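Dumping the structure here so I can ask a few things about it.
The values are calculated or read from the model by the stated rules, or taken from the named source; none is laboratory data. Keep in mind that this is a model prediction, so the values were computed, not measured. Cβ sites come from the backbone with ideal geometry, for glycine too, and all protein chains shown count toward neighbours.
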């Protein structure tokens, strides 16, 4: 084939590949080191004294105890808060019982008022009564009226100490005394009406007058009941206040219980214990820790990744998701497979150095391999783009 034709075919093939944006793959080989997939900084959840703590460099299994803090002060506060919760619950129960009793009393008052109206209507129907009442009946009616008047005076005397109380601050005793006066007044009215009926003086006129008195008595009772409702509203406010107080105490109780539970910290997975921030010393037993102060750096050992340091020139051909083969030295065994997971600038050196800027590349492993250990140096072949 003539040389000129070969050159033309080569040029055309290059043009076609360029137009199709096809990139050839190359293998980038770099040294790497096995690192943990997760490094967790553990801080003190509460302010307390160290009672027990894992030794730096120790390997622990998931669920092993890492840190024990002194919870005696928290338990003391918890006990006081439990007592406060018990007292608040009892106080709320009493207020609810008082409110329930008050509601029942109001219902009973209404029933009494309705019954008295029924009796008044019955009296009205039989107001004329049979003719020819003898003197003994009149005398009995007079005696009944006198007893009713005496009972009214007694009720008024018992109510007199409560006259100065305002309607908003009236006590249960005042309400009861006021109701007794109203009932005694109705008794006087009925006795007077009975006597008048027996004497036969202007019955129709007196009946209308006495009926009006009964209606006024009913209105008076209704007013007293309304005053009783004001007392009910006051008790309802007490119930509401005590309910909020109990909720606040219960919330604080839950917070203390959570803090007590946090005084023991267990390993979330298999790992290695190091000092805080990877370079500080682990706190000693007896030392006091403030809340959120660093205590331990915990390095996971049951899930590992590979870390590579790659130059700026090579990293331009590396993308997340590219396949990687990991070789353990010169071992002829089947390579461990992985994928590029993260790419980020290295913290080593001055960022922006035009001479040699480096990047870290993290490789996730498709499965754990028994030969891999933290800190082990391996070879990694990245199937990168040309």
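Quick check on my filter: what residues within the range 231-252 are over 19 Å from the mean Cα position of the chain (by Cα) and closer than 13 Å to residue 88 by Cβ?
Result: 238, 239.
Shifting gears a bit: For residue 46, state whether it is exposed (fewer than 13 other Cβ atoms within 10 Å of the Cβ), part of a loop (DSSP other than H, G, I, E, B), assigned by TED's automatic domain parsing to the domain that holds residue 308 and at pLDDT 85 or above.
It is false that residue 46 is exposed (fewer than 13 other Cβ atoms within 10 Å of the Cβ), part of a loop (DSSP other than H, G, I, E, B), assigned by TED's automatic domain parsing to the domain that holds residue 308 and at pLDDT 85 or above.
Considering only the range 74-92, state which residues are loosely packed, with under 13 Cβ neighbours inside 10 Å and over 13 Å from residue 253 (Cβ atoms).
Across the range 74-92, the qualifying residues are 76, 90.
Which number in (1) in the same structural domain as residue 307 (by TED's automatic domain parsing); (2) outside any strand (DSSP E or B); (3) modelled with pLDDT under 90 marks the one condition that residue 63 misses?
Result: residue 63 passes all but (3).
Exactly one condition in (1) closer than 15 Å to residue 55 by Cβ; (2) in the same structural domain as residue 91 (by TED's automatic domain parsing) is false for residue 299; which is it?
Of the numbered conditions (1) closer than 15 Å to residue 55 by Cβ; (2) in the same structural domain as residue 91 (by TED's automatic domain parsing), the odd one out for residue 299 is (2).
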